[in-house]
Amino acid sequence: MVDLKDFTENYAPAPEGVEHVKLKDSYHLFINGEFQKPTSGKTMTTINPATEEKLAEVAFADEQDVNAAVKSARDAYTNIWSKLPQKERGKYIYRIARAIQERSREFAIIESLDGGKPIRESRDVDIPLAAAHFFYNAGWADKLEYAFPGRKANALGVAGQIIPWNFPLLMAAWKIAPALACGNTVVLKPAETTPLTALKLAELFQDIDLPPGVVNIVTGDGSTGSNLVSHPDVNKVAFTGSTAVGKSIKKTLAGTSKRYTLELGGKAAHIIFEDAALDQAVEGIVNGIFFNQGHVCCAGSRLYVQEGIQDELLAKLKSRMESLIIGDPLDKNTDIGAINSKNQLDKIQELTFSGKDQGGEIYQSDSCSLPEKGYWFHPTLITNVSQSHRVVQEEIFGPVLAIQSFRTVEEAIEKANNTPYGLSGGVWTDKGAKLFKITKKIRAGVMWANTFNKFDPASPFGGYKESGVGREGGLHGLYPYVELI
Ligand code: NAP
Ligand code: MG
């Protein structure tokens, strides 16, 4: 039998070349089609979390800068974008999609440098999906009368959009593409630790001659996002991030006429039945929680396995974990990259060890030694936990899987639903009827059957309960950006 550990350690490095990637030393705010210095002159640093090395200085937008960006978006809406025929708007969005495809390698490398995710993922998932969202929404731009038959779909005006650090370019695409397709203009606030691909996107907007002010990008921290949310001339807020910040945004917006969508946290469950294809399920579990270091809102962070196969499944899972390669995000062999920031690493460690303190048993693969610099966390399993444990209830947003067993279908459904969240989940069985019965009873926005973490721009995405309000993607994703007459 092949020793997987040997195999992992002896894999020859295959680093992606970075010579052709051009990063500036410093980036300004993108307002009215131009890069402008922040009024305060204040900047922040973005680093590579795999090496802790500085990548660039980035402007910090204060209230005055946010005001300028919203004014630029309003002027562009009134004078340019709302006056363009729908099909002309569509052409710009198609152009954005094609230009992302043309520069996909550069975008993928910058995404991995700035955020720490493996190049295989940014190359094969983030960037192609970002282009696909622009293509998909470009198609709707001149067909809104078919999207909403018998109704007239009016744009709302200026959309203020705030995104997290786990899928920076993809989240920007999720937000910008439907807003533009429905005739709105945009002010986008990327996350503090991963602003670079959004700023590269701004350069791309200049290159394709997108009219000035149609999309503005303000980098900064939570205060920048907060200024954007409370700005009186913003008509619609689209936020993806933590449930705590989502709740505070909801409070700020209560009683205003602003429309909003909130895509928040998750605590997705895999339910694995005795009749499931176990090897396939193991791949799905690994993909669902170790993919992108578990920095995925819909990560499968809870596992419910039917009692009779628990030992077999755990043995297979542990064996598979031995072959996972952790390390340089730019190496094409890497499965698990760096944790996005020191702050996030601290959160993962605190929650994981709370699992131990509450009586859980921790298993970590030691297939690879971790690099000395940077932020890293071994893929982790926690067994011997119960529903009330923090690791079962709270979002960890790291490569940590809490495992419990169940006996009956009813027990599995009850346990899977027993969390404040309801974003996604997965069921593994070879019985079609069981799949339909169970997926209908799980209170989650997305349910995968015998697979996990599959995305398509035509499919709506969003949560129940504390996982959010509204849907993004697909036809459903257009509704939040229009007023139907
Ligand atoms: P976060 O702290 O809520 O931050 C998200 C964004 O909001 C960042 O750009 C952040 O800026 C900004 N922000 C922070 N405080 C703000 C405030 N008071 N007002 C307005 N904006 C504010 O979340 P995160 O830790 O970056 O992201 C991880 C979370 O996102 C997880 O909970 C995950 O589940 C969720 N997520 C959900 C989905 C989904 O579709 N449901 C998708 C991806 C991620 P800074 O970066 O400068 O702090
Ligand atoms: Mg960074």
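Looking across A198, A181, one residue alone is over 23 Å from S257 (Cβ atoms), touching a helix residue (DSSP H, G or I) at 6+ places or on another chain (Cβ under 8 Å), of a type in the set (G, A, S) and open to solvent by less than 10 Å² (accessible area, probe 1.4 Å). It is A198.
Within the set R123, R95, the sole residue that is outside the structural domain of I336 (by TED's automatic domain parsing), in contact with a Ser or Thr (Cβ under 8 Å, 6 or more places away or on another chain), open to solvent by 70 Å² or more (accessible area, probe 1.4 Å) and away from ligand 2 (no atom under 16 Å from the Cβ) turns out to be R123.
Here the helices (runs of 4 or more DSSP H) wholly within the stretch 344-457 that include at least 1 residues being modelled with pLDDT under 95 and touching a strand residue (DSSP E or B) at 6+ places or on another chain (Cβ under 8 Å) are 432-441.
For every residue, the table says whether it meets (1) among the hydroxyl-bearing types (S, T, Y); (2) farther than 23 Å from I339 by Cβ; (3) open to solvent by less than 10 Å² (accessible area, probe 1.4 Å).
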position	(1), (2), (3)
G355	no, no, yes
D366	no, no, no
H378	no, no, no
V385	no, no, no
H389	no, no, no
Y421	yes, no, no
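In the stretch 448-471, the residues that are without any contact (Cβ under 8 Å) to a residue 40 or more places away in the chain and within 18 Å of V296 (Cβ to Cβ) form Cβ pairs under 6 Å with partners that are within 10 Å of ligand 1 (Cβ to nearest atom) and open to solvent by less than 40 Å² (accessible area, probe 1.4 Å), at six or more places apart or across chains, as follows: S459/G473; P460/G473.
Inspect the stretch 238-245 for any residue being touching a residue at least 24 places away in the same chain (Cβ under 8 Å), surrounded by fewer than 22 Cβ atoms within 10 Å (Cβ to Cβ) and not polar (S, T, N, Q) and give the result as yes or no. No, there is no match, as no residue in the stretch 238-245 is touching a residue at least 24 places away in the same chain (Cβ under 8 Å), surrounded by fewer than 22 Cβ atoms within 10 Å (Cβ to Cβ) and not polar (S, T, N, Q).
Can K465 be described as among the basic types (K, R), within 16 Å of ligand 1 (Cβ to nearest atom) and either exposed (fewer than 15 other Cβ atoms within 10 Å of the Cβ) or on the phi > 0 side of the Ramachandran plot (or both)? Taking the combined requirement at face value, the residue satisfies it. Restricting the first member to the stretch 43-56 and to residues that are within 9 Å of T193 (Cα to Cα) and open to solvent by 50 Å² or more (accessible area, probe 1.4 Å), and the second to residues that are modelled with pLDDT of 95 or more and more than 16 Å from ligand 1 (Cβ to nearest atom), the beta-carbon pairs closer than 9 Å and six or more apart or on different chains are T45/K54; I47/E53; I47/K54.
Report yes if some residue within the stretch 60-68 is more than 16 Å from ligand 2 (Cβ to nearest atom), in a helix (DSSP H, G or I), touching a strand residue (DSSP E or B) at 6+ places or on another chain (Cβ under 6 Å) and closer than 19 Å to A172 by Cα; otherwise report no. For the stretch 60-68, residues more than 16 Å from ligand 2 (Cβ to nearest atom), in a helix (DSSP H, G or I), touching a strand residue (DSSP E or B) at 6+ places or on another chain (Cβ under 6 Å) and closer than 19 Å to A172 by Cα: absent. In this structure, K454 does not qualify as outside the structural domain of K236 (by TED's automatic domain parsing), farther than 26 Å from I382 by Cβ, surrounded by fewer than 14 Cβ atoms within 10 Å (Cβ to Cβ) and among the charged types (D, E, K, R).
Of the helices (runs of 4 or more DSSP H) lying entirely inside the stretch 89-148, those containing at least 3 residues that are within 19 Å of the chain's Cα centre (by Cα) and within 16 Å of ligand 1 (Cβ to nearest atom) are 104-115, 127-141.
Conditions (1) aromatic (F, W, Y); (2) more than 16 Å from ligand 1 (Cβ to nearest atom); (3) at pLDDT below 95; (4) closer than 30 Å to K236 by Cα, marked per residue:
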site	(1), (2), (3), (4)
T8	no, yes, yes, no
E34	no, yes, no, yes
G41	no, yes, no, yes
P49	no, no, no, no
V58	no, no, no, yes
A61	no, no, no, yes
K71	no, yes, no, yes
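Considering the stretch 233-336, the qualifying helices (runs of 4 or more DSSP H), each wholly inside and each with 3 or more residues that are hydroxyl-bearing (S, T, Y), run over 243-253.
Among the residues of the stretch 246-273 satisfying the criterion of being buried (at least 20 other Cβ atoms within 10 Å of the Cβ) and of a type in the set (V, I, T), which is farthest from F436 (Cα to Cα)? Out of the qualifying residues, it is I249. Whether a residue is crowded, with 17+ Cβ neighbours inside 10 Å, modelled with pLDDT of 95 or more and in the same structural domain as A131 (by TED's automatic domain parsing) was assessed, and V286 does not pass this test. Across the stretch 168-198, the number of residues qualifying as assigned to a helix (DSSP H, G or I), of a type in the set (V, I, T) and within 16 Å of ligand 2 (Cβ to nearest atom) comes to 1.
Checking each residue in the stretch 98-119 for being β-branched (V, I, T) and away from ligand 2 (no atom under 16 Å from the Cβ) picks out only I100.
Considering only residues in the stretch 293-321 that are closer than 26 Å to V125 by Cα and aliphatic (A, V, I, L, M), the one that is surrounded by the most Cβ atoms within 10 Å (Cβ to Cβ) turns out to be A299. Filtering the stretch 310-321 for residues that are small (G, A, S), without any contact (Cβ under 8 Å) to a residue 40 or more places away in the chain and closer than 24 Å to I438 by Cβ leaves an empty set.
Number of residues in the stretch 149-163 that are touching an Asp or Glu at 6+ places or on another chain (Cβ under 9 Å) and not in a strand (DSSP E or B) equals 4. Here A59 meets the list (1) within 28 Å of the chain's Cα centre (by Cα); (2) surrounded by fewer than 22 Cβ atoms within 10 Å (Cβ to Cβ) almost entirely, failing just condition (2).
The values are calculated or read from the model by the stated rules, or taken from the named source; none is laboratory data. Just so it is clear, the structure is predicted and the values come from calculations on it, not from any experiment. Every residue, glycine among them, receives a Cβ derived from its backbone with ideal geometry; neighbour counts consider all protein chains shown. These accessible areas exclude ligands, DNA and RNA; they are computed on the full protein's heavy atoms, side chains included. Shrake-Rupley method; radii C 1.70, N 1.55, O 1.52, S 1.80 Å.
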